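Read through the structure below, which is laid out as structure tokens, and then see the notes.
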Amino acid sequence: MGSALWKAGLTALLPCGCALCGAYGRDALCPPCRGQFFRGGDRRCPVCAEPLPDGSAVVPCGRCVAQRPAYDATVAAASYAMPLDRLVLELKFGGRLAHARLFAQQIARAVDEVPALERPALLCPVPLGPARLAERGFNQALEIARPLGRLLDIAVSPRLTQRVQETAAQSKLRGSARRANMAHVFAVPDRTLVAGRHIGIVDDVMSSGQTLHELAAVLKRHGAARVTNLVFARTPPLRPS
């Protein structure tokens, strides 16, 4: 009780600033920024979360119909575009861990906007390799998964999967190089934790989806019944140059 009162008093004395515009307030986002950048209601492919044309039915996109990925569904809170991309970079490379809770809140909001979505039984943050984890000091996917698990009332399993190979950053690669980079990267130490369960993969950004596809494929090989991606931001589809 005393601790809760102390925290409430501290919040009142030290108001935070909006993560996007800096306006003072009690929330991580001010109402105008929340309304502008997290309006909700985006039409996205239910499988890969790529944006769909306005007015179209919310059905799997042509790419997912032609080549179904290993995962079954994706929920994305926002598009990876200015100024939200800055928040992602500040978390991943600037150590702004407070952003992780904001990301979790927006993912939870996006999940609530899909009433028909079957919720996972267990959350699995995308694992980092030992070298990348030592360099960064934290796994941003795990930092998002922890508050997300509390918001959705779903258990988080940080060691459900392992990254058994260090890889180059996917953001620096294209096409077939991305696929080759992620081959045979993940492992599941304990099949009994996965078999027959619906697993939710948590990450900050989904770009080509290759990392999530490979991780979902490993989970499916170990008996996962269903895999749903829960990500903060989805990159726009690549356009021919």
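Scanning region 115-136 for residues that are without any contact (Cβ under 8 Å) to a residue 60 or more places away in the chain and loosely packed, with under 15 Cβ neighbours inside 10 Å yields P115, A116, P130, A131, R132, L133, A134, E135, R136.
Within region 198-234, the set of residues being in a loop (DSSP other than H, G, I, E, B) and either surrounded by 18 or more Cβ atoms within 10 Å (Cβ to Cβ) or at pLDDT below 95 (or both) comprises S207, S208, G209, H222, A224. Residues in region 14-38 that are assigned to a loop (DSSP other than H, G, I, E, B), at pLDDT 80 or above and surrounded by fewer than 12 Cβ atoms within 10 Å (Cβ to Cβ): 1 in all.
Would you check which residues across region 39-95 are touching a strand residue (DSSP E or B) at 6+ places or on another chain (Cβ under 7 Å) and either part of a helix (DSSP H, G or I) or farther than 27 Å from H198 by Cα (or both) and list them? Correct list: L84, V88, L91, K92. Taking region 103-114 as the range and being more than 12 Å from the chain's Cα centre (by Cα) and surrounded by 14 or more Cβ atoms within 10 Å (Cβ to Cβ) as the test, the residues that pass are R109, V114.
Rundown of residues vs (1) closer than 30 Å to R136 by Cα; (2) crowded, with 17+ Cβ neighbours inside 10 Å; (3) in contact (Cβ under 8 Å) with a residue 60 or more places away in the chain, yes/no style:
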| residue | (1), (2), (3) |
| --- | --- |
| R44 | no, yes, yes |
| P53 | no, no, no |
| S56 | no, no, no |
| P69 | yes, yes, yes |
| A77 | yes, yes, yes |
| Y80 | yes, yes, yes |
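Within region 146-180, if we keep just the residues that are of a type in the set (G, A, S) and modelled with pLDDT of 95 or more, the residue that is surrounded by the fewest Cβ atoms within 10 Å (Cβ to Cβ) turns out to be A155. Every condition in (1) within 18 Å of P32 (Cα to Cα); (2) more than 13 Å from the chain's Cα centre (by Cα); (3) modelled with pLDDT of 95 or more holds for P120 except the one numbered (1).
Of all the residues that make up region 128-145, how many are under 23 Å from G223 (Cα atoms) and more than 12 Å from the chain's Cα centre (by Cα)? The qualifying residues number 1.
The values are calculated or read from the model by the stated rules, or taken from the named source; none is laboratory data. Here the structure is a predicted model, which means the values were calculated and not measured. Note that we place each Cβ from the backbone using ideal geometry, even for glycine, and neighbour counts take in every protein chain shown.
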